[in-house]
1. To the nearest 10 square angstrom, what accessible area does Thr83 show with a 1.4 Å probe?
2. Label Ala149 and Thr36 with points 7 Å out from Cα along Cα→Cβ: what is the distance between them in nm?
3. Which order do Asp84, Asp43, Asp5 take by accessible area at a 1.4 Å probe, largest first?
4. Figure the gain on full extension for Asp43 and Ala18 (residue separation times 0.36 nm, minus the Cα-Cα span) and round it to one decimal in nm.
Amino acid sequence: MGLFDFLTGTKRPAAGVAAKAPAEVREALFVVNRPTAPFVVRDGSPEKVDLVAEWRIVEASWYEVFAKAGLKKTFKILMRLDTDKHEVRAVDQEWSVEWHAGIPSLSLAVEAFRGQKTEISFGAAYAFTESGVPGQVYRYKFSTTELKAPLQYAVTTAGWTWRGVAFGKL
């Protein structure tokens, strides 16, 4: 374990786990996708990186969930596969979100952020239900760990290191 691993969110594979081929690591990261997850892993070509993981905030089926949660900021993880070192280098990007008539409008946060971020948002709302009695209308919890943990697991079980980047080159 490196001196700054805790601060950067770096995760290493267990001892003795053989490093898989880059194509297998890339596939393992895509396998993290599932229809019920509030995030998606996609090709990162538009951002000039290998892969991007981000909240599904711009997908119509998720508008209501994120809007009810009152999410004001969202982020994405940019990933680059370093085949020589057998590591996935990752950096977080944060964005501001404004809701207009239940539809998200993304804009870059006023403050610049680059590095590693851990954030948890949660809440619930209570009101009168359709049956006329008070009850819980919705409940939510969003955590950056919900997005990062499956990615880190996919990388480390493939024998690669997940390296969080704060100051260096992605």
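1. 70
2. The answer from the label model is 1.5 nm.
3. Result, largest first: Asp84, Asp43, Asp5.
4. Extra length from Asp43 to Ala18 when fully extended: 6.5 nm.
The values are calculated or read from the model by the stated rules, or taken from the named source; none is laboratory data. What you see is a predicted model, and the numbers here were worked out from it, not measured in a lab. Cβ atoms come from the backbone with ideal geometry, glycine included; neighbour counts cover every protein chain shown. Note: accessible area is taken over every heavy atom of the protein model, side chains too, but ligands, DNA and RNA are not part of it. Shrake-Rupley method; radii C 1.70, N 1.55, O 1.52, S 1.80 Å.
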